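The values are calculated or read from the model by the stated rules, or taken from the named source; none is laboratory data. It should be emphasised that the depicted structure is a prediction, and the values quoted were computed from it without experimental measurement. All Cβ positions, glycine included, derive from the backbone under ideal geometry; neighbour counts span all protein chains shown.
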Amino acid sequence: MIDKQQFEHVYQPLWDLFNWSIFGYESLLRVNGINNVEHLFQKAREEGCLYELDRVLLESSIFQFPFLENKGRLLFLNSYFATFA
C-alpha cells in the first residue's frame, strides 16, 4: 500500500500579510487514483500502518520540496499526533 511513487505534494504559499510576502509553504498531499486522501489514512489505520504511512509522507514531502528555489522560506508539514507520541 505504501509506495512513494504514488504520492505527490503541492505546496501552498503562506503569506505574511503585513509585508505582503511569502514566508513559507504548507505541504498538501495528492495521491494518484484517490480523490479523498482521508480514505488513504482510514485504510492505513485499519491495516495498522498509519505510523509508516505518515513517516513516508513526511519524507516524500521534504524530498520533493524545491529548497533551492525557496531559500530561506519555511516548510510546514501536517502529521498525525500518534506518529510522534
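A few points about this structure:
- When restricted to residues that are free of Cβ contacts under 8 Å to residues at least 40 places away in the same chain and not aliphatic (A, V, I, L, M), segment 1-25 contains 11.
- Restricting segment 50-77 to residues that are at pLDDT below 90 and not in a helix (DSSP H, G or I), the residue that is farthest from W15 (Cα to Cα) is K71.
- Verdict on I22 being in a strand (DSSP E or B) and among the β-branched types (V, I, T): yes
- For segment 10-25, the set of residues classified as of a type in the set (F, W, Y) and farther than 22 Å from S60 by Cα consists of W15, F18, W20, listed by residue number.
- Of everything listed in (1) touching a residue at least 60 places away in the same chain (Cβ under 8 Å); (2) surrounded by 14 or more Cβ atoms within 10 Å (Cβ to Cβ), the single unmet condition for L74 is (2).
- Leading residue by the ranking (surrounded by the most Cβ atoms within 10 Å (Cβ to Cβ)) among those in segment 26-71 that are among the hydroxyl-bearing types (S, T, Y) and touching a residue at least 40 places away in the same chain (Cβ under 8 Å): S61
- Among the residues making up segment 14-60, those that are within 26 Å of L74 (Cα to Cα), small (G, A, S) and touching a helix residue (DSSP H, G or I) at 6+ places or on another chain (Cβ under 9 Å) are G24, S27, S60.
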